[in-house]
Amino acid sequence: VYKRQVLAEILADLRSGRPMHRMLQGDVGSGKTLVALIACLFAIEQGHQALLKAPTEVLARQHGESLRKLCEPLGVTVETLCGSTPAAERRAILAGVGAREIDLLIGTHAVIQEDVRIPGLALSVVDEQHRFGVRQRGRSAAAEDTGQAHVLVMSATPIPRSLSLTLYGDLELSIIDELPAGRQPIRTDIAREKEEGYVWDAVRNELAAGRQAYVIYPVIEETEGQDLKAATVEFERLRDEVFGEHSVALLHGKLKPREKDAVFADFAAGKIDVLVATTVVEVGVDVANATAMVIHNPERFGLAQLHQLRGRIGRGEHASRCWLLVDRFLAEESYARIRFFAENT
């Protein structure tokens, strides 16, 4: 019901004869991308081109793969452009976009560089809008030339700036106020470091049932003066001591794009049981079989980040659990924020 209502609002804007500036808000997994795709297809059907911007290569490539499967049977051409796209491939994509042979271009910040010209651009969609700067959200060389491109920004995590933009009229607001049928609420618990053994037992129970898990750390490597646990060191401990009979993999932002893609593909295929990661999994990772998440040092993450991270689980039919592992005495304000997150969805 809500998706149809939101789509009607967006299509009315696209038909209105004036540039759309609309924010689409909906929880993780509510179907924002599908709504955006239908809006893009509407623009393409009128003979125009569309652009979808995502903040990370992982998310851009995931969108590219899933949307291409949906669009190819319709005769709609989709290409993905990222910072790591080889130069020859990049030139071919830009030529195709310039000749209007590519209908939907998906990419990271790489699609808003000066040499990217989209002559038929009618709709620019920005996914996870809080990860882009204000100028980056609407920016595209072609859009700046005419000022006529429609802009749709999407977010699962409204933040004060987005709310103020909504309140002061720069952005109309559409809300998908529902989740897909069968989704269950995620139980979130705060645990102290001394309770770590109990948390790992609970995670192992999920793995024994054939599920998968994430373990999240705020930093990649340990540095002098920081007493935070780091992903690389903890990965070895978890692999060797905690989850000895299960497959454990490490994922962080310093890996090469090809290495990241390989780890994501193996996790999605069920070849990896436990994914030890930093916030590189914050957006766009969709593995319905993952039902457990342990977040170390949750006080080091913003509420929007925590919400996005927790949104990686609870995407299937099985009940999911999230543990916030606190290994130090927190200031009252920090603990109150963590407790608020644990108690609210």
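The values are calculated or read from the model by the stated rules, or taken from the named source; none is laboratory data. Worth saying up front: this structure is predicted, and the values here are computed from it rather than measured. Positions of Cβ are backbone-derived with ideal geometry, glycine not excepted, and every protein chain shown enters the neighbour counts. Just the protein is used for accessible areas: all its heavy atoms, side chains included, with ligands, DNA and RNA removed. Shrake-Rupley method; radii C 1.70, N 1.55, O 1.52, S 1.80 Å.
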With the dipole of the chain defined by +1 on each Lys or Arg Cβ and -1 on each Asp or Glu Cβ, the option from PRO257, GLN49, ALA331 whose Cα lies farthest towards the positive pole is GLN49
Contour minus Cα-Cα span, ASN205 to GLN46, at 0.36 nm per residue, comes to 52.0 nm
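What is the percent carbon and sulfur in the accessible area of the chain, measuring with a 1.4 Å probe over the protein chains and ignoring ligands? Working shown, then result.
Values: 7960 of 15980 Å².
For the chain, the apolar C and S fraction of the accessible surface comes to 50 percent.
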Quick one: putting +1 on the C-beta of Lys and Arg, -1 on the C-beta of Asp and Glu, what dipole do you get for the chain around its Cα centre, in Debye to the nearest 20?
740
Return the subset of LYS32/LYS69; LYS194/LYS256; LYS229/LYS254 for which the Cα-Cα distance in this structure is over 27 Å, preserving the input order.
LYS194/LYS256
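Given axes a ≥ b ≥ c from the Cα gyration tensor, I'd like to know whether the range 1-131 is rounded (a/c under 1.5), prolate (a/b larger than b/c) or oblate.
Numbers: a/c = 1.69, a/b = 1.38, b/c = 1.23.
Taking the square roots of the gyration eigenvalues as a ≥ b ≥ c, the range 1-131 is prolate.
Can you show me the helix-derived [θ] at 222 nm for the chain, built from DSSP H runs with n ≥ 4 at -39,500 (n - 2.57) apiece and divided by the number of residues, rounded to the nearest 500.
On the way: 12 runs with 125 residues, N = 345.
Rounded to the nearest 500, it is -11000 deg cm²/dmol.
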With unit charges on the beta carbons (Lys and Arg positive, Asp and Glu negative) and the dipole taken about the Cα centre of the chain, which residue among ALA213, SER16, GLN305 sits farthest to the positive side?
SER16
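Assigning unit charges at the beta carbon (Lys, Arg +1; Asp, Glu -1) and nothing else, what dipole magnitude in debye, to the nearest 20, does the range 1-58 show about its Cα centre? Intermediate values should be presented prior to the final figure.
Numbers: 7 positive and 5 negative charges, 29 e Å.
Using Cβ point charges on Lys, Arg, Asp and Glu, the range 1-58 gives about 140 debye.
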Considering the dipole of the chain built from charges on the beta carbon (Lys and Arg +1, Asp and Glu -1) around the Cα centre, which of VAL58, ALA277, PRO73 is farthest to its positive end?
PRO73
What distance in nm separates the simple spin-label points at GLU89 and SER66, each placed 7 Å from Cα in the Cβ direction?
2.0
Treating every alpha carbon of the range 246-285 as one equal point scatterer without solvent, the Debye formula yields log10 I(q)/I(0) values at q = 0.30, 0.32 Å⁻¹ of -1.17, -1.28
HN-Hα J couplings of the range 119-128 from phi, Karplus 6.51/-1.76/1.60, θ = phi - 60°, integer Hz, Gly and Pro as x?
x, x, 5, 10, 9, 10, 9, 10, 8, 6
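To the nearest 20 debye, what charge dipole does the range 214-345 have about its Cα centre, counting +1 at the Cβ of each Lys and Arg and -1 at the Cβ of each Asp and Glu? List each step's numbers first, then the result.
On the way: 16 positive and 21 negative charges, 82 e Å.
Magnitude of the dipole: close to 400 debye.
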Label model pair ASP170, ASP189: point-to-point distance (7 angstrom along the Cα→beta-carbon line) in nm is 4.3
Taking the DSSP beta bridges in the chain as the whole, what percent of them are antiparallel, to the nearest 5?
0
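For the peptides 8-14, 303-309, what is the packing order when you average, over each peptide's residues, the other Cβ atoms within 10 Å and list the highest mean first? Can you show the working numbers first?
Details: 8-14: 16.4, 303-309: 20.0.
Highest mean packing first, the order is 303-309, 8-14.
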